[in-house]
Every structure is written in structure tokens, then in C-alpha cells.
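Below is one structure, written out as C-alpha cells; the observations come after it.
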């Protein structure tokens, strides 16, 4: 059974933050309490822990997401976005549908 991870309340008077680093990728196992991401708020950079234990299945598209940036967050390198686009049958990687699911497969990194 899939459980959707939602961003927990970050603290008093903190309503939003910018993603600094995504620390997970699809296929990875995660335990409750392990860090999922780093967010920069107006007060500090904070690690956000997982509220569940399980395996990461997917990363969902949010408003403003671009495939090269998402690929960089997952693999640490944006040059794999064409491979991810091909696997997901994405023809327009600049205009992703909000809420759509994108599969980020294990990729053999080249140097």
C-alpha cells in the first residue's frame, strides 16, 4: 500500500521553503526519521525527516518543475534528463503536467 509523504509543519510562522537538496531517489529504502530533503526557510536550512518507512516509488511534479532540474535533484547531474524523458514518454520536458508521476530509474552514470 502506497503512502504519500507530505511536508510536515516546519515550525512557528514558517509557511514555505525552497528545496536545497533532495536526499532520496526512487528505488531507495527509507526509514522513519531519516532525512528526505533540505529546505531553506527565511530562518535556516533544515533537514526534513521521513514520517514513514518504506521504498521510494516516485517523485511527483510540482508547479514550476522542469525535468532538467528534477533530474539534477535526483542524480546530482542534469544531463540525464533526456534519458528520463525517453523512459517516461515525455515530449515536452519544459511543460510538465502538475501532479504527473515521473519514474527516475537507476542510471549507469558516465564520466
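The values are calculated or read from the model by the stated rules, or taken from the named source; none is laboratory data. Fair warning: this is a prediction, and the values are worked out from it, not measured in the lab. Because the Cβ atoms are built from the backbone with ideal geometry, glycine has one as well, and the counts that use them run over all protein chains shown.
Report yes if residue 37 is assigned to a strand (DSSP E or B), surrounded by 12 or more Cβ atoms within 10 Å (Cβ to Cβ) and free of Cβ contacts under 8 Å to residues at least 60 places away in the same chain, otherwise no.
Yes; evaluated as a whole, the condition is true for this residue.
Could you tell me whether the stretch 81-103 includes any residue that is within 15 Å of the chain's Cα centre (by Cα) and without any contact (Cβ under 8 Å) to a residue 12 or more places away in the chain? Show your work before the answer.
We begin by selecting, within the stretch 81-103, every residue within 15 Å of the chain's Cα centre (by Cα); these are 81, 84, 96, 98-103.
Checking the rest, the ones that are also without any contact (Cβ under 8 Å) to a residue 12 or more places away in the chain come to none.
No, the stretch 81-103 contains no residue that is within 15 Å of the chain's Cα centre (by Cα) and without any contact (Cβ under 8 Å) to a residue 12 or more places away in the chain.
Against the definition (closer than 22 Å to residue 20 by Cα, within 17 Å of the chain's Cα centre (by Cα) and assigned to a loop (DSSP other than H, G, I, E, B)), how does residue 72 come out, yes or no? Don't jump to the end; show me each part of the working.
On the way: closer than 22 Å to residue 20 by Cα: yes; within 17 Å of the chain's Cα centre (by Cα): yes; assigned to a loop (DSSP other than H, G, I, E, B): no.
Here the answer is no, as residue 72 does not meet what is asked.
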Q. Considering only the stretch 80-91, how many residues are more than 16 Å from residue 106 (Cβ to Cβ) and assigned to a helix (DSSP H, G or I)?
A. 2
Q: Evaluate the stretch 48-68: report whether one residue or more is more than 16 Å from the chain's Cα centre (by Cα), surrounded by 13 or more Cβ atoms within 10 Å (Cβ to Cβ) and at pLDDT below 80.
A: no
**Q.** Test: residue in the stretch 94-108 that is out of contact with any strand residue (DSSP E or B) (no Cβ under 8 Å at 6 or more places or on another chain), under 15 Å from residue 4 (Cα atoms) and part of a loop (DSSP other than H, G, I, E, B)
**A.** no
